[in-house]
Amino acid sequence: MIEVNNLSVSYKNKDKHIKAIETVDLSVEEGEICVVIGASGCGKSTLLKVLAGILKGDEGQVLIDGNEVNPKSHRIGFIPQNYGLVKWKSVEENVFLSAKIKDGKKSIDKDFYRRILKELDIDKLVKRYPTQLSGGQMQRVSIARALLLKPNLLLMDEPFSSLDAMIREEVQELFLQVWKEYKVTTLLVTHDIREAIYLGQKIVVLSSTPGKVVEVIDNPLFGKSNVEFNKEFIDMNIRLKNTLKGERIG
Ligand SMILES: Nc1ncnc2c1ncn2[C@@H]1O[C@H](COP(=O)(O)OP(=O)(O)OP(=O)(O)O)[C@@H](O)[C@H]1O
């Protein structure tokens, strides 16, 4: 279980002090997918970086199963917004990277590796380097790397944003399939309302900067495809839109 208690984070640049997140409380149950949605600049990436152990908060704490977050001891798969690929390593080496660091190359589940690469449609790109890939392809390599690690906690920062509509739906579905098999606790950040409704068992809405939690929704529409014209979906869409709009104005 992930617990974020009273978390505030700020950036200090020379004479400037930018508060990115203010007194955020949030919990994610074991095996749950929690989607965090909010306007651009509201602190979503900052929250994920603290959960990944890359950034420290000014106040508050982040606990994974009761222990302070520690990337060395916890198995955290992180898909950052800029994909986080190593430029001088091939696609294959990039995909192996996190699992290799954690467990050594010999322990990598090669069947799972082949399956993910095929389903993400990057199996023909394994010898290429990141500079030879499109944004959407780099995003899929980053997703493959995080999934191959078989993490206990998966942190995804707008992981499907560079994919075109058709591929996005396929990759979202693949993610749900893998999640159903491994039930990995997941925190996914997005500003796409449709994606939040499809992928979030729990949806947490953040206010505009500094990000505060304004609403937490247990989402009955989680994992349901082709529901865009159902009243329940339309109502949820309007509810989220209004909360986000209200927060931007307020
Ligand atoms: N390194 C930094 N130094 C100073 N300010 C920063 C830094 N990184 C982020 N910020 C500021 O902190 C706030 C939160 O940024 P963050 O990237 O977490 O937002 P976000 O919700 O992920 O945005 P987006 O949806 O556009 O990716 C913003 O006001 C941003 O300008």
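Of the trypsin sites (Lys or Arg not before Pro) in region 32-84, the ones in a loop by DSSP (not H, G, I, E or B) with at most 13 other beta carbons within 10 Å are 56, 72.
Working note: Karplus 6.51/-1.76/1.60 with θ = phi - 60° gives region 150-162 the couplings 6, x, 7, 9, 10, 10, 10, 9, 6, x, 10, 5, 8 Hz, where Gly and Pro are set to x. The tail of the calculated P(r) for the chain beyond 33 Å holds 18 percent of all Cα-Cα pairs.
Which loop chymotrypsin sites (Phe, Trp or Tyr not before Pro) in region 138-235, with loop taken from DSSP, have no more than 11 other Cβ atoms within 10 angstrom of their Cβ? For chymotrypsin sites (Phe, Trp or Tyr not before Pro) across region 138-235 that sit outside H, G, I, E and B with at most 11 neighbouring Cβ atoms in 10 Å, the list reads 229. Of all DSSP-defined beta bridges confined to the chain, some 50% are antiparallel rather than parallel. Label-to-label distance, residue 110 versus residue 183, with points set 7 angstrom from Cα along the beta-carbon direction: 3.1 nm. With the cut-off at 22 Å, tell me which of the pairs 12/56; 19/102; 212/245; 12/72; 56/183 have Cα atoms farther apart than that. Checking Cα-Cα distances, 19/102; 12/72; 56/183 exceed 22 Å.
Output the Kirkwood hydrodynamic radius of region 1-137, Cα pairs only, in Å rounded to one decimal. In region 1-137 this quantity evaluates to 17.3 Å. On the basis of the beta-carbon distance and an R0 of 35 Å, residue 170 and residue 19 show a calculated FRET efficiency of 0.35.
What the Cβ-Cβ distance of residue 224 and residue 27 gives, at R0 = 25 Å and to the nearest 0.05, is a FRET efficiency of 0.55.
Taking Cα atoms, how many degrees apart are the long axis of helix 91-103 and the longest axis of the chain, rounded to 10 and kept between 0 and 90? Approximately 80 degrees, to the nearest 10. A full extension of the chain between residue 11 and residue 124 corresponds to an added length of 36.6 nm, given 0.36 nm per residue minus the alpha carbon distance. Axis of helix 110-119 versus longest Cα principal axis of the chain: the two differ by about 60°, to the nearest ten degrees. The simple Förster model, with R0 at 30 Å and r as the Cβ-Cβ distance, assigns residue 103 and residue 237 a FRET efficiency of 0.10. For the chain, find the longest principal axis of its Cα atoms and tell me its angle to the long axis of helix 231-249, 0 to 90°, nearest 10. The angle comes out near 70 degrees. Ranking 189, 9, 117 by Cα position along the charge dipole of the chain, where only Lys, Arg, Asp and Glu carry charges on their C-beta atoms, puts 117 farthest toward the positive end. A crude spin-label estimate for the pair residue 89 and residue 192, with each label 7 Å from Cα along the Cβ direction, gives 2.6 nm.
Rounded to the nearest 500, the helix-only mean residue ellipticity at 222 nm of the chain stands at -11000 deg cm²/dmol, with each DSSP H run of n ≥ 4 adding -39,500 (n - 2.57). Expressed as a whole percent, the accessible surface of the chain that belongs to carbon and sulfur atoms is 50, based on a 1.4 Å probe.
The values are calculated or read from the model by the stated rules, or taken from the named source; none is laboratory data. The model shown is predicted, which means the values in this text are computed figures rather than measured ones. For neighbour counting, all protein chains shown are included, and Cβ atoms are generated from backbone atoms with ideal geometry for every residue, glycine included. For accessibility, only protein heavy atoms count, side chains too; no ligands or nucleic acids. Shrake-Rupley method; radii C 1.70, N 1.55, O 1.52, S 1.80 Å.
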